[in-house]
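Accompanying notes for the structure given below.
The values are calculated or read from the model by the stated rules, or taken from the named source; none is laboratory data. None of these values were measured; they are calculated from a predicted model. Note: ideal-geometry Cβ built from the backbone for every residue, glycine included; neighbour counts use all protein chains shown. Each accessible area value is taken on the protein alone, full model and side chains, heavy atoms only, with ligands, DNA and RNA left out. Shrake-Rupley method; radii C 1.70, N 1.55, O 1.52, S 1.80 Å.
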Amino acid sequence: MALERLLKGFKDFHTGYYREHRDLYQRLATEGQSPRILIIGCADARVDPGILTQTQPGDIFTVRNVAAMVPPAQYPPDTRHHGTSSAIEFAVRGLGVEHVVVLGHALCGGIGALVDGRDSIYASYDYLSTWTSIAQEVRDRAVQELKGRSREEITRAVEQAAVLNSLSNLMSFRWIAEKVEAGTLALHGWWFNMMEGQLYAFNPETGTFAAVKGVKVEPTVVKGTSLSAIAPERLLATVAGNKPAF
Ligand SMILES: [Zn+2]
């Protein structure tokens, strides 16, 4: 049943969208792809970056993994299988994207598992907790700073702070730091709240995520942005200093 729905969808795509965009596909096939944006999103079935941004084939290069995380760079590179890092490398070095967006989201199961730690039903999985431990320090700090707050509030804080952690990790790749410093690459920290259908972007000046209104948003990291401005600890301290959100 579920698969039939996919094939029905593909049939509709073939006779509808593909036919309407045949020229676009032909051009992409002959000229290759040249997206200007890399989106690093979560594998969650509810937050498809292409649907959220209403983009067309060729517009965005996308990496999706558990909790939209970026691991720190590994220097010197080793022989392990760095799926996310290699996709980022191809987008930045190969395709020359001008923007990298880390897109976290509300109700993220990966972040929930990280927050719950040993109490999580996923704690005994082979790979999951090792992967989400990319943001372990952020999680531990949030639990400590937001002691007494609800799980929902702590989880939201970690969801957003993990986006900043990923931006910091992006800057640990030398070819990303170099391009940011050259002014040819900008990094963006976004968070999507599916309950209200609202997109939020991190503003380094206020240290918080603010609802995006309209079509203009300031990048989170550009040439000259200090890494302390995007430190996850700063966001957590701001959340801890405000009244509970729930
Ligand atoms: Zn998620």
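Rundown of residues vs (1) in contact (Cβ under 8 Å) with a residue 60 or more places away in the chain; (2) touching a strand residue (DSSP E or B) at 6+ places or on another chain (Cβ under 8 Å), yes/no style:
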| residue | (1), (2) |
| --- | --- |
| 126 | no, no |
| 149 | yes, no |
| 157 | yes, no |
| 166 | yes, yes |
| 172 | yes, no |
| 180 | no, yes |
Can you name the condition, by its number, that residue 89 falls short on among (1) within 13 Å of the ligand (Cβ to nearest atom); (2) open to solvent by 60 Å² or more (accessible area, probe 1.4 Å); (3) part of a helix (DSSP H, G or I)? (1)
Cβ pairs under 9 Å, 6+ apart or interchain, first in the stretch 41-56 and under 22 Å from residue 170 (Cα atoms) and of a type outside the set (Asp, Glu), second within 15 Å of the ligand (Cβ to nearest atom) and open to solvent by 80 Å² or more (accessible area, probe 1.4 Å), ordered by first then second residue, are 41/64; 42/64; 43/64; 47/64; 49/64
Taking the residues in the stretch 27-38 that are without any contact (Cβ under 8 Å) to a residue 40 or more places away in the chain and either part of a loop (DSSP other than H, G, I, E, B) or open to solvent by less than 100 Å² (accessible area, probe 1.4 Å) (or both) as candidates, determine which candidate is farthest from the ligand (Cβ to nearest atom). 29
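For residue 84, are the conditions met, namely being open to solvent by 70 Å² or more (accessible area, probe 1.4 Å) and among the polar types (S, T, N, Q)?
When the stated conditions are applied, residue 84 does not pass them.
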Kindly provide the set of residues from the stretch 94-129 that are within 16 Å of the ligand (Cβ to nearest atom) and not aliphatic (A, V, I, L, M), ordered by number. 104, 105, 108, 109, 110, 112, 116, 120, 122, 125, 127, 129
Within the stretch 165-207, restricting to residues that are in contact with a helix residue (DSSP H, G or I) (Cβ under 6 Å, 6 or more places away or on another chain) and at pLDDT below 95, the one that is farthest from residue 100 (Cα to Cα) is 207
Given 9, 58, 41, which one is at pLDDT 95 or above and part of a helix (DSSP H, G or I)? 9
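Taking the criterion of being touching a Cys at 6+ places or on another chain (Cβ under 9 Å) and within 16 Å of the ligand (Cβ to nearest atom), would at least one residue in the stretch 69-78 satisfy it?
Our first condition is that a residue be touching a Cys at 6+ places or on another chain (Cβ under 9 Å); within the stretch 69-78, this holds for 69.
Now narrow it down to the ones that are within 16 Å of the ligand (Cβ to nearest atom): 69.
Yes, the stretch 69-78 has at least one match.
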